[in-house]
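The values are calculated or read from the model by the stated rules, or taken from the named source; none is laboratory data. As the structure is a prediction and not an experimental result, all values here were calculated from the model. For neighbour counting, all protein chains shown are included, and Cβ atoms are generated from backbone atoms with ideal geometry for every residue, glycine included.
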Amino acid sequence: MEVTGTNVDTVGNTLKVVVAALAERGGKIYSCTQTYTSKSSKPVPTPDLKSSFKELSVNYANKLLGSTFKPAEMIRAFVRAGHLARQVSKNILRVESLCYRIDIMHQVDLVEDLAIALDINKLDPEWPKIWTLGGLAPETDRHETLAEVMIGLGYQELLTYSLTSSEVFVDKMGIERENYAELLNPKMSTHTTVRSWLLPSVLNLLKDNTHVDYPQRVFEIGPCVTVKKDGEGLTETRHKIAAVAIHTGAGFTEIRSCLDTLLGSIGVKLEVVPTTHPSFLDGRTGEVMSGQKRLGVVGELHPKVIRAWGLSLPVAAFELEIPPLGV
């Protein structure tokens, strides 16, 4: 049996689990000795099948389970769970776990096995002494309201990854420069940065669904990470909403009416001021304002952006930061 990896503990644990499983099925276990040239330590025999030992407080276990079990009862239960245990003091048990039980990392893991062995269904339930009521956060409630409105307008909700690449939300969107949060040690070339806006992620999905019948109307509500202008390395997370309509007749009028209905549903007054944006078509782009606060942009995408995403039909879209409560 050969296991390869970059972490010696992970490799060793994996080997123990696989070897133990094969041994239970009648296999024979043989060991080998490994010598690492980069280390000055002695040769290492593998697999390491030595048991692990942990101490468990009887009072801690009883408090967690709401029970009054005695040490002798716990020891018998541990034997049923496959652990050997003995009492080393009035309140402490020393529990031996077999080598493949790598999931036993803390006292609470032993208490879980103890509860299962004692039949957890037979433990008397106890109401918590502190009563609290749960519910949706006000921000989540507002997000769900916006989602319901968009669905009522005929849009389908999306959920895309927060991690992306500069090619997706900078290059293909026609933006020359964007200050964004970049991962220090990315594992994939397609997930090197944290998105600062949603629209590129939505267009990326539409690119992969050109085989689906048109019109297509989709939206997404999600977090975006922006870099603060007043300090290097400081970021903040803002929740935004983006919507896209793509079909032969998609235009500013359609997407603007959708925007009016959306913000009107939560009582936000808006004003659309003519503006320019590298991703949108000049003369058909507006800046969404609420009082003196800029919320986002609405308009028709520029043909070069549409072509960059491999799309062939007009695209109308908006993206805005979700207004905080009270706005």
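Couple of notes before you dig in:
- Leu15 being assigned to a helix (DSSP H, G or I) and surrounded by 13 or more Cβ atoms within 10 Å (Cβ to Cβ): yes
- Of all residue pairs spaced 6 or more apart or on separate chains, those with beta-carbon atoms under 9 Å, a first member in segment 85-98 that is farther than 14 Å from Asp113 by Cα and a second member that is of a type in the set (Val, Ile, Thr) and assigned to a loop (DSSP other than H, G, I, E, B) are Arg94/Val88.
- Looking across segment 51-110, just one residue is outside any strand (DSSP E or B) and touching a Pro at 6+ places or on another chain (Cβ under 7 Å), and that is Val58.
- Enumerated strands (runs of 3 or more DSSP E) restricted to segment 179-289, each holding at least 1 residues that are more than 27 Å from Ser312 (Cβ to Cβ), within 18 Å of the chain's Cα centre (by Cα) and outside the structural domain of Ser312 (by TED's automatic domain parsing): none
Each row is one residue, and each column tells you yes or no for (1) exposed (fewer than 12 other Cβ atoms within 10 Å of the Cβ); (2) within 16 Å of Arg238 (Cα to Cα); (3) among the acidic types (Asp, Glu).
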| site | (1), (2), (3) |
| --- | --- |
| Trp127 | yes, no, no |
| Ala137 | yes, yes, no |
| Arg142 | no, yes, no |
| Thr145 | no, no, no |
| Gly154 | yes, no, no |
| Glu220 | no, yes, yes |
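- Among residues of segment 201-221 that are more than 19 Å from Gly251 (Cα to Cα), those with a beta-carbon under 7 Å from a residue that is surrounded by 15 or more Cβ atoms within 10 Å (Cβ to Cβ) and of a type in the set (Asp, Glu) at least six positions away or on a different chain give the pairs Ser201/Glu220.
- All positions within segment 118-160 that are of a type in the set (D, E, K, R), under 30 Å from Ala72 (Cβ atoms) and either in a loop (DSSP other than H, G, I, E, B) or touching a Phe, Trp or Tyr at 6+ places or on another chain (Cβ under 7 Å) (or both): Asp119, Asp124, Glu126, Lys129
- Check on Glu319, out of contact with any Phe, Trp or Tyr (no Cβ under 8 Å at 6 or more places or on another chain), within 18 Å of Gly154 (Cα to Cα) and not aliphatic (A, V, I, L, M): no
- Val305 under 16 Å from Gly174 (Cβ atoms), assigned to a helix (DSSP H, G or I) and either in contact with a Gly (Cβ under 7 Å, 6 or more places away or on another chain) or not small (Gly, Ala, Ser) (or both): yes
- Boolean, Ser189 is of a type in the set (Ser, Thr, Tyr) and more than 17 Å from Cys224 (Cα to Cα): yes
- Checking each residue in segment 161-176 for being more than 19 Å from Asn209 (Cβ to Cβ) and either in contact with a strand residue (DSSP E or B) (Cβ under 7 Å, 6 or more places away or on another chain) or part of a loop (DSSP other than H, G, I, E, B) (or both) picks out Ser162, Leu163, Ser165, Ser166, Gly174, Ile175, Glu176.
- A count restricted to segment 2-43 and to residues that are within 38 Å of the chain's Cα centre (by Cα) and either farther than 24 Å from Glu96 by Cα or among the hydrophobic types (A, V, I, L, M, F, W, C) (or both) stands at 19.
- Test: residue in segment 260-268 that is at pLDDT below 90, surrounded by fewer than 16 Cβ atoms within 10 Å (Cβ to Cβ), among the aliphatic types (A, V, I, L, M) and under 24 Å from Leu163 (Cα atoms): no
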